[in-house]
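Bear in mind that the values in this text are calculations on the coordinates, not laboratory data. Computed from a prediction, not measured in an experiment: that's the story for all the values here. All Cβ positions, even for glycine, are placed from backbone atoms using ideal geometry, and neighbour counts span all protein chains on display.
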Amino acid sequence: MAHVLIIGAGGVGSVVTHKCAQVSEVFSTITLASRTLTKCTAIAAQVKERTGVTVAVEQVDADNVAETVALIKRLKPDLVLNVALPYQDLPLMDACLETGVDYLDTANYEPPDEAKFEYKWQWAYRERFTARNIMALLGSGFDPGVTNVFCAWAQKHHFDEIHQLDIIDCNAGDHGQAFATNFNPEINIREITQRGRYWEHGEWVETDPLSWSMTYDFPEGIGPKKCFLMYHEELESLVRNIKGLKRARFWMTFSEQYLTHLRVLENVGMTRIDPVDYQGTPVVPLQFLKAVLPEPASLGPLTQGRTCIGCLFKGVKDGREKQLYVYNICSHEEAYREVGSQAISYTTGVPAMIGAMLMLTGAWKRPGVWNMEEFDPDPFMEALNRHGLPWQVIES
Ligand code: NDP
């Protein structure tokens, strides 16, 4: 029986709140807080209608540590579940340190004025979290998150050494919009326009943004799709924690239409993150673009098709070379029917709930700051099957 304080009432926040409400034997009290109270009330009303569970709502600016500390002291939650934006990771970890409460997020910290994500800022909290006897679980979404757990599971049950890892993220869905992003547009576009990077023979190799591609034939009728090499945050921890890794890469599918729009937006300066002067007012073009693009949460009823996200491993077991592909397929329409969101928010929100559940029940509980692959993958893998993200394995 625990009280979870969810921060961030966006696309992912809505799914986490629904999923926590479905597991009321663990999450006996749920509070949803965000910068905009009306977004929390709207989600709470949907959760009440779908599950009968009452969710308390609060307004908070999570950039303001004192404000969050006051909220935590008043509510006394057992866990802060951060599904606001990566900018809020450090202020929320500071608030957790001050109040002695456990912390979970789904994306690593990014400084607002530089499109750069790295774990170093959050890993720097390790000693302080350990000394305070509290825990932070980093990146409990799908990728990062489930992909890290797939790696730990493959390492535990299938390989003596994993030599090659390809994480492949396919969204074979269609929302019918000319251009929209499936999660927060600002964070999404900052990520996609960065230089690519992969790990090979102990060092990082850089590529021009989206300049490398391959075609991968996805299972269960999804078929061949073009995937682009990108840098993705879970690579940073996985190359440290997975034994014998010689190469690690991350790939994502994009449609030609998406890439054409992105190229035009970049070329005209709309993806810039530095402020420009507009009639005496400083405006960050990417933040303005976010304001005119569809909200990810609004894509729920429009999106059809499926996502397929998985890990392709090559390595050695008992002296024999083997290949393993572990993946989940998630239907946009089924996610919408269950919780009113498309599959990108769903595939992030479900693992966030599972990570929180494992922390609160003690299955994953250790003071310090941890990445997902540092825990026993088995209870997480089992929970994925039970809570809406069943996985499959193809071995060869
Ligand atoms: P949204 O933009 O839909 O939602 C973000 C929410 O955070 C908004 O409701 C916003 O409130 C709130 N917020 C922003 N700033 C503050 C603040 N200072 N204080 C309080 N609340 C704030 O994003 P998504 O739901 O799509 O994404 C949420 C997180 O999930 C992001 O960090 C994203 O990177 C991560 N993610 C992780 C994935 C994974 O697989 N690991 C995949 C997809 C997303 P308001 O609207 O009032 O401004």
How long, wide and thick is segment 2-138, going by the Cα atoms along their three principal axes, in whole angstroms, largest first?
42, 32, 23
Can you figure out the FRET efficiency of residue 64 with residue 261, using R₀ = 45 Å and their beta-carbon distance, to the nearest 0.05?
0.80
Alpha-carbon radius of gyration plus Dmax, which is the widest Cα pair, for segment 257-383 in Å
20.8, 68
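For the chain, what relative contact order do you get, as a whole percent, if you take Cα pairs closer than 8 Å and at least 6 residues apart? Could the numbers behind the result be given before it?
Working: 838 pairs, mean separation 80.8, N = 396.
Across the chain, relative contact order equals 20 percent.
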Using the 10 angstrom Cβ neighbour count as an exposure proxy, how do 94, 174 rank, fewest first?
174, 94
Name the residue, out of 175, 332, 201, whose mean-square fluctuation peaks in a Gaussian network model built on the chain with Cα pairs under 10 Å.
201
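Using only alpha carbons, build the gyration tensor for segment 146-341 and give me the equivalent ellipsoid semi-axes, biggest first, whole Å.
Values: eigenvalues 218, 93, 39 Å².
Ellipsoid half-lengths, sorted descending, are 33, 22, 14 Å.
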Lysine pairs meeting the criterion (Cα under 30 Å, 8 or more apart or interchain), as found in segment 2-138:
12
Inter-probe distance in nm under a simple model that places probes 7 Å from Cα toward Cβ, at residue 204 and residue 302
3.5
Taking neighbour counts of Cβ atoms within 10 Å as a proxy for exposure, in what order, fewest first, do 38, 29, 181 appear?
38, 29, 181
Spin-label model distance (nm) - residue 114 vs residue 28, 7 Å beyond Cα toward Cβ:
4.6
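Restricting to the chain, what percent of DSSP beta bridges are antiparallel, rounded to 5?
Working: 50 of 81 bridges.
Given both bridge residues lie in the chain, the antiparallel proportion sits at roughly 60 percent.
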Describe numerically, in nm with one decimal, the distance between label points set 7 Å from Cα along Cα→Cβ at residue 217 and at residue 41.
5.5
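What ranking do 357, 214 get, fewest neighbouring Cβ atoms within 10 angstrom at the top?
Exposure proxy ranking, most exposed first: 214, 357.
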Semi-axes, largest first, in whole Å: what does sqrt of 5 times each Cα gyration tensor eigenvalue give for segment 66-166?
28, 16, 12
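Beyond 34 Å, what percent of the Cα pairs of the chain remain? Present the calculation step by step, with values, prior to reporting the outcome.
Details: 19352 of 78210 pairs.
Value for the chain (Cα pairs over 34 Å): 25 percent.
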